[in-house]
Each structure stands twice: as C-alpha cells, then as structure tokens.
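Q: Before I ask anything, let me first share the structure, which is written out below as structure tokens.
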Amino acid sequence: MELGQDLAGKVAIVTGGASGIGRAAAELFVAEGARVVVADLDVTRGEELAAELGEAAVFQRADVGKREEVQALVDTAVSGFGGLHVMFNNAGMPGRMFPHFLDDDLEDYERVMRVNLMGVVYGTQFAARHMAKNGGGSIINTASIAGLLPGYTLLQYRSSKFAVVGFSKAVSIDLAGYGVRVNVLAPGSIKTQMTDFGEPGMSPADVALIRAETDKVMMSYQPLKRQGSTADTAQAVLFLASDRAAQITGVVLPVDGGITAGDPVNHAADIVAARARVIEEIKKRG
Ligand SMILES: NC(=O)c1ccc[n+]([C@@H]2O[C@H](COP(=O)([O-])OP(=O)(O)OC[C@H]3O[C@@H](n4cnc5c(N)ncnc54)[C@H](O)[C@@H]3O)[C@@H](O)[C@H]2O)c1
C-alpha cells in the first residue's frame, strides 16, 4: 500500500505499542511522518521496536492501569517531541477466560477493568488536557466487538470494552468544544499473540496448531472469510488519527470482517427448507 505523510509533524503516543495492534499502528504512524512514544509493560519488545524505528520513536515502560505512569507518557511526548496530537489508548488484556461467575473472587475482574477501562480513561484525560490547550487532537480508544455484542463468558473483558465504547462516545461530546476528537477502534478477530490461545512455554509450532483450529471456529461466524491483520487495524487507526477524519468524533469503527453486521447464519434458508420438508410430507400423506 502506498504510504503518504498523513501524520507529518504530529506527535503520537501508542499504548500496548510493543506488540500486535499497537505495534503495527506505531510503525505506520512513523512511516506516515509522526514521532511516537511507544508505551508498554514489555520492555524488551518495546525497546527493540523503538530501536527499529530510529529517532522518530522512543520507548517508555508504562502500566496504563497506573495514572502517574500514563501522565508520564504525556510529559515525555511534550518534553521530548514538543507536543501531543494523537493518543492511541490501545493497551489491554483479556483476563481469565472461563471463571465461574458465582464462585469468582472478582480480583481478575477488577484488574481487567483497571487496565482496559481506567487505562483508557487516564489516557484520554491526560492527553486531552494537553490537546485542549494546544489546538486539539485525536484520541483513539481500542474496544472490541466484545464491547458491542453481549455474549457468553469473558464477562470482565466484555464489561471493560462496553465501558470503553460508552465512555468514549460520552466524552467525545465533552471534548468536542476543545477540538479534541475521540473515536473507538473495535477489532474483531485480529491475528496477534492475544488470539494465539497457546499455553505459556509452548513451542511456536504447537501454538500454530492450536491457532489453525481456533481460527476455523472464529471464521465460521465472520462473513469475510479472511482473518483480520494488524495492517487492517493500523489503516483504520491512521484514518481516525489523521485530518482526513477531521469531522468524525464519537464513532465506533469495527474492523471485524463483518461480524457485527449481523447474524451470519442463513435462518431464512433454514426456515424455507423446514417449510418445504413439511409440505413434502403433507403431499405424500395425500
Ligand atoms: N487481537 C484481537 O483479535 C483483538 C480483538 C479485539 C480487541 N483487541 C484489543 O486490542 C488491543 C491490543 O491487543 P493485541 O491483540 O494487539 O494484543 P497483544 O497482546 O499483541 O498486545 C497487547 C500489548 O499490550 C500490552 N499491555 C498489556 N497490559 C498492559 C498495561 N497494563 N500497560 C501497558 N501495556 C500493557 C502487552 O504487553 C502487549 O504488548 C487490546 O486492547 C485488545 O483487547 C484485540
């Protein structure tokens, strides 16, 4: 894909930037002319990425669940790169997959809410405080299709992502008067370590075996039969970050191969077939 200079002269922060969706966005932001503060818990991968990106990027370790560490990211962007125009609040964690709700001690629930929701709230507030006084900016918060579709299990994850959607829409109204736009990225099934479903210490080959099977299940309910990539999400984030989206605030942009478009099961065909079967039996009966 042809690269432009959509973010020339802009400064961005990307949380969860050492891996997956955040990493691809940081790479594309730099390719499009931005300077980027990459933030993550993973120091090794974060520093590797910053070294790859050269002078346009700096890595800073931060836990987005800690407000002072998120404020420090804004301070670094402003003192190191001279401003802040784009905040991509993307860091997130899935939490435990199948806790039995009635017996759950809710500790994991609280942890997921602190990182996935409060990390976004801190990032939005601290970035917007700077942007409001300096000509505005663009904030993009990562939710998920799990924040749009209620469903079985992953209660803490769904709660946090529904809250990200609600918070982002509401705060976009508060911040519009300051020229600060707030939008939401809602990824569907994107190939990253989060969708590996491997076990700690497992070999890459074994993870690939698990991935092949779990991908089949995920593709069964996705209309576009290709798993999304971090290049797909990065393009969507770039659009929302750039001035091309100058008139867009408070929207949720799913990058989900159509999952949230509706139920992919052809119930109408099933109903027509059931009807035809009964009519056939009635005819046979005479
Ligand atoms: N991959 C998908 O299919 C998918 C789908 C929907 C939503 N998402 C969301 O996209 C975002 C990125 O996920 P990904 O798929 O790229 O996963 P990933 O695991 O590849 O990347 C997540 C990164 O966030 C970092 N991180 C986790 N907790 C952190 C914290 N407290 N502070 C700072 N950094 C932290 C991790 O170290 C990791 O580098 C998450 O918010 C996730 O919920 C992903």
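Q: Within region 144-174, can you find the residues that are free of Cβ contacts under 8 Å to residues at least 60 places away in the same chain, farther than 17 Å from T195 by Cβ and among the hydrophobic types (A, V, I, L, M, F, W, C)?
A: L155, F162, A163, V164, F167, A170, V171, listed by residue number.
Q: Take the residues in region 241-286 that are modelled with pLDDT under 95 and in a loop (DSSP other than H, G, I, E, B); name whichever of them is farthest from A26 (Cα to Cα).
A: Result: G286.
Q: Further question: Among the candidates L238, L209, L175, single out the residue that is surrounded by 15 or more Cβ atoms within 10 Å (Cβ to Cβ), in a helix (DSSP H, G or I) and more than 14 Å from the chain's Cα centre (by Cα).
A: None of the other options fit; the residue is L175.
Q: Oh, and also: Against the definition (part of a strand (DSSP E or B), near the ligand (Cβ under 9 Å from one of its atoms) and farther than 30 Å from Y152 by Cβ), how does A39 come out, yes or no?
A: Spelling it out, A39 is indeed part of a strand (DSSP E or B), near the ligand (Cβ under 9 Å from one of its atoms) and farther than 30 Å from Y152 by Cβ.
Q: Still on this model: Taking the conditions exactly as written (more than 23 Å from A143 (Cα to Cα) and acidic (D, E)), does E27 satisfy them or not?
A: no
Q: So K169 fits all but one of (1) under 20 Å from the mean Cα position of the chain (by Cα); (2) within 15 Å of the ligand (Cβ to nearest atom); what number is the exception?
A: Of (1) under 20 Å from the mean Cα position of the chain (by Cα); (2) within 15 Å of the ligand (Cβ to nearest atom), only one is false for K169: (2).
Q: Can you tell me which residues in region 194-241 are more than 11 Å from the ligand (Cβ to nearest atom), among the aliphatic types (A, V, I, L, M) and either in contact with an Asp or Glu (Cβ under 8 Å, 6 or more places away or on another chain) or in contact (Cβ under 8 Å) with a residue 60 or more places away in the chain (or both)?
A: V207, I210, A231, L238, L240, A241
Q: Something else now. Do you know which of the residues in region 212-235 that are out of contact with any Lys or Arg (no Cβ under 9 Å at 6 or more places or on another chain) and outside any helix (DSSP H, G or I) is nearest to G151 (Cα to Cα)?
A: Here the residue is Y221.
Q: Something else now. Sort out which residues of region 180-206 are crowded, with 21+ Cβ neighbours inside 10 Å and either basic (K, R) or over 23 Å from N90 (Cα atoms) (or both), and write them in order of number.
A: R181
Q: Please specify each residue of region 252-273 satisfying the condition of being surrounded by 10 or more Cβ atoms within 10 Å (Cβ to Cβ), among the aliphatic types (A, V, I, L, M) and over 15 Å from I145 (Cβ atoms).
A: Residues satisfying the conditions are V265, I271, V272, A273.
Q: Exactly one condition in (1) at negative phi; (2) modelled with pLDDT under 95 is false for R129; which is it?
A: (2)
Yes/no matrix, rows are residues, columns are (1) at pLDDT 95 or above; (2) surrounded by 20 or more Cβ atoms within 10 Å (Cβ to Cβ); (3) out of contact with any strand residue (DSSP E or B) (no Cβ under 7 Å at 6 or more places or on another chain); (4) part of a strand (DSSP E or B):
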{"residue": "G33", "(1), (2), (3), (4)": "yes, no, yes, no"}
{"residue": "A50", "(1), (2), (3), (4)": "yes, yes, no, no"}
{"residue": "S79", "(1), (2), (3), (4)": "yes, no, yes, no"}
{"residue": "P99", "(1), (2), (3), (4)": "no, no, yes, no"}
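Q: At pLDDT 95 or above and near the ligand (Cβ under 9 Å from one of its atoms): which single residue out of Y157, Y178 fits that description?
A: Exactly one residue qualifies, and that residue is Y157.
Q: Test E68 against the stated conditions and say whether it is more than 10 Å from the ligand (Cβ to nearest atom), surrounded by 21 or more Cβ atoms within 10 Å (Cβ to Cβ) and either part of a loop (DSSP other than H, G, I, E, B) or of a type in the set (D, E) (or both).
A: no
The values are calculated or read from the model by the stated rules, or taken from the named source; none is laboratory data. What you are looking at is a predicted structure, and each value in this text was computed from that prediction instead of being measured. As a convention, Cβ positions derive from the backbone with ideal geometry for all residues, glycine included, and neighbour counts pool all protein chains shown.
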